[in-house]
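Reviewing the structure listed below.
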Amino acid sequence: MSSEDKAKNAKDKISGKAKEVEGKATGDKAREAQGKAEGLVGKAKDKLDDAKDKAKDVVDNVKKDMDNK
């Protein structure tokens, strides 16, 4: 995962948490829910990026093994 992707995902998680806290503080359930959703999107992007990295590693290892044969 690139540092740019990490930064974008962190921004989503931080922004989501801020909105969630704001919603709790003001009693705005919609804002709180929006914040939770945004935070979850950031976490999901992290997991997807991790899965992509692992898949790329597997493909690279298979290619390396095939070249050695």
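Can you tell me how many residues within the range 19-36 are surrounded by 14 or more Cβ atoms within 10 Å (Cβ to Cβ) and small (Gly, Ala, Ser)?
Qualifying residue count for the region: 2.
Conditions first: (1) closer than 23 Å to residue 57 by Cβ; (2) assigned to a helix (DSSP H, G or I). Residue 32 passes all but one, so which condition is the exception?
Of the numbered conditions (1) closer than 23 Å to residue 57 by Cβ; (2) assigned to a helix (DSSP H, G or I), the odd one out for residue 32 is (1).
Which of the numbered conditions does residue 15 fail, given that it passes all the others? Conditions: (1) part of a helix (DSSP H, G or I); (2) modelled with pLDDT under 95; (3) surrounded by 13 or more Cβ atoms within 10 Å (Cβ to Cβ).
Every condition holds for residue 15 apart from (2).
Can you run down the residue pairs with Cβ atoms below 6 Å, 6 or more apart or on separate chains, where the first is in the range 19-46 and under 26 Å from residue 6 (Cβ atoms) and in contact (Cβ under 8 Å) with a residue 24 or more places away in the chain and the partner is among the basic types (Lys, Arg) and surrounded by 13 or more Cβ atoms within 10 Å (Cβ to Cβ)?
Listed pairs, sorted by first residue: 39/13; 39/17; 42/13.
The values are calculated or read from the model by the stated rules, or taken from the named source; none is laboratory data. For clarity, every value in this text was computed on a predicted model and none was experimentally measured. For neighbour counting, all protein chains shown are included, and Cβ atoms are generated from backbone atoms with ideal geometry for every residue, glycine included.
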